[in-house]
């Protein structure tokens, strides 16, 4: 994130600690989680967070309940605030997507390289080259899609209070996660056709480059 976004984030963290009422803290946490999935920049997200935190603190000083300050429907309040904020440009959305993709891809490559190194230490065969298989590629794409969907689902359902459907959804999620793990394992076992043979130094360099690109974009984007 940019310098001004990071500064505002730190200020908000300090401001949030001044909230005394546990119910207010929980409500603020849910609202912040929900706002994280909104189609606005991180800087605007922090500005909204600062304003809501200030409203809650003012309410506490007056002895007002949070529902008297925000209203009964927290989601409706957040949607109304978000609707007033300009949406990021197409260029900003593309750069944000690339930033997140660089980070996730770098993490997956690092994990893949770690297991490749373990495998080579146990049974040296192609050292110092690591083999990228079709199963590795499919597993990586599946993990990327699942992790993105999971984050969005958590943020969008931040205000859910109905425990029955939550339990059902939790069961379905873990069932989906189980099958996803089976698919990843099956892909790695049965789709072992090599796509590329990558030198260790090239793999390390690619991971470093991805993290550098991520850091560059992260410091430029709000």
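Summary table
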{"quantity": "Output for the stretch 197-207, where each listed residue is under 15 Å from residue 102 (Cα atoms) and surrounded by 13 or more Cβ atoms within 10 Å (Cβ to Cβ)", "calculated": "203, 204, 206, 207"}
{"quantity": "Pairs where the first residue, in the stretch 1-20, is touching a residue at least 60 places away in the same chain (Cβ under 8 Å) and the second is part of a helix (DSSP H, G or I) and exposed (fewer than 15 other Cβ atoms within 10 Å of the Cβ), C-beta under 8 Å, 6+ apart", "calculated": "1/219; 2/219; 2/220; 3/219"}
{"quantity": "Selection from the stretch 77-92 of residues that are assigned to a helix (DSSP H, G or I) and surrounded by fewer than 11 Cβ atoms within 10 Å (Cβ to Cβ)", "calculated": "83, 90, 91"}
{"quantity": "The stretch 61-76, subset part of a helix (DSSP H, G or I) and buried (at least 17 other Cβ atoms within 10 Å of the Cβ), residue modelled with the lowest pLDDT", "calculated": "66"}
{"quantity": "The stretch 101-125: number of residues that are surrounded by 15 or more Cβ atoms within 10 Å (Cβ to Cβ) and out of contact with any strand residue (DSSP E or B) (no Cβ under 6 Å at 6 or more places or on another chain)", "calculated": "15"}
{"quantity": "In the stretch 29-58, residue farthest from residue 7 (Cα to Cα) [restricted to those that are crowded, with 19+ Cβ neighbours inside 10 Å and free of Cβ contacts under 8 Å to residues at least 40 places away in the same chain]", "calculated": "56"}
{"quantity": "Lone qualifier among 95, 113, 57, 104 - being more than 30 Å from residue 203 (Cα to Cα) and part of a helix (DSSP H, G or I)", "calculated": "57"}
{"quantity": "Residue in the stretch 135-151 that is assigned to a loop (DSSP other than H, G, I, E, B), at pLDDT below 90 and touching a helix residue (DSSP H, G or I) at 6+ places or on another chain (Cβ under 7 Å) present", "calculated": "no"}
{"quantity": "Among residues of the stretch 1-47, those that are assigned to a helix (DSSP H, G or I) and closer than 25 Å to residue 216 by Cα, counted", "calculated": "19"}
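The values are calculated or read from the model by the stated rules, or taken from the named source; none is laboratory data. The model shown is predicted, which means the values in this text are computed figures rather than measured ones. For neighbour counting, all protein chains shown are included, and Cβ atoms are generated from backbone atoms with ideal geometry for every residue, glycine included.
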